[in-house]
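Below is one structure, written out as structure tokens; the observations come after it.
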Amino acid sequence: MDRVNAVREHPLYREYYERLEKLEEGRIFCRHQMPHLLDVARIAYIRNLEEGLGFPRDVIYTAAVLHDIGKSFQYEKKIPHEIAGTEIAEKILSGLPGEFSFTETEKRQILTAIKGHRRLREDAEPLERLLYESDKASRMCFACPAEKQCDWSKEKKNLEIKV
């Protein structure tokens, strides 16, 4: 998990993560901090094992830890966070020290998954689909005290336990 921690400790990651923490301070609806990111990672890794997809654990965790990193741009500038997040993630992944770097194939898979985590394309790549489905399964609308105030449609809400 050294590569995941290198991403989490990258100055650009810290900057945007801390910005998002401040923007979501006091938010009663879904938040996008480490508990959510790690829930997504753990669900994705379990499904990866169950389905025999063969993705390395640190590739899954890296995609999960990065998937909402552009959320502050959505709040502040109305730029979709999957678009902003893909750009930020590319800079982070390209700026890792050699011993923590990802292969070009891994980077492409991670970036494609981040870009596609909000709307599932018909021809989604395996990691993209895994991140999308795990992100949705991680939301516990069924136990959220703000569920009644949430403007998500009933179809979009996760009203039962899923893995």
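Annotations
- Loop sites in the stretch 39-110: chymotrypsin sites (Phe, Trp or Tyr not before Pro), DSSP, at most 15 other Cβ within 10 Å: none
- Set against the labelled values [x] 81; [y] 54; [z] 40, percent of Cα pairs over 22 Å apart computed from this structure falls on [z].
- Judged by the gyration tensor of its Cα atoms, with axes a ≥ b ≥ c, the stretch 1-68 is oblate; a/c meets the 1.5 cut and b/c is at least as large as a/b.
- Relative contact order computed over the chain (Cα-Cα under 8 Å; 6+ residues apart), in percent: 24
- The modelled label-to-label distance between M1 and E76, using points 7 Å beyond Cα along the C-beta direction, is 2.9 nm.
- Partner lysines whose Cα lies under 25 Å from the Cα of K91, excluding those fewer than 8 positions away in the same chain, are identified as K22, K71, K77, K78, K107, K115.
- Taking trypsin sites (Lys or Arg not before Pro) as exposed when DSSP calls them loop and at most 14 other C-beta atoms lie within 10 angstrom, the chain has its longest site-free stretch at 28-77.
- Zone residues, the stretch 8-34, relative to K148, backbone N less than 17 Å from point 7 Å out along Cα-to-Cβ: 28-29
- Whole-number accessible area per residue in Å² for the stretch 61-162, which is evaluated in the context of all protein chains at 1.4 Å: 55
- Selection of GluC sites (Glu not before Pro), the stretch 120-154, meeting DSSP coil and at most 15 other Cβ within 10 Å: E122
- Think of the chain as having a plus end and a minus end, set by charges on the Cβ of Lys, Arg, Asp and Glu; of V4, H81, G95, H81 sits farthest toward the positive end of this dipole.
- Residue list for the stretch 113-144, given a label point 7 angstrom along the Cα-to-Cβ vector of E87 and an amide N cut-off under 20 Å: 113-119
- Accessible area of the stretch 8-114 belonging to carbon and sulfur atoms, whole % at 1.4 Å probe: 51
- FRET efficiency estimate (nearest 0.05) - Cβ-Cβ, E18 to R42, R0 30 angstrom: 0.80
The values are calculated or read from the model by the stated rules, or taken from the named source; none is laboratory data. Please read all numbers here as calculations on a predicted model, not as lab measurements. Cβ atoms come from the backbone with ideal geometry, glycine included; neighbour counts cover every protein chain shown. To get the accessible areas, we keep the full protein, side chains included, count just its heavy atoms, and leave off ligands, DNA and RNA. Shrake-Rupley method; radii C 1.70, N 1.55, O 1.52, S 1.80 Å.
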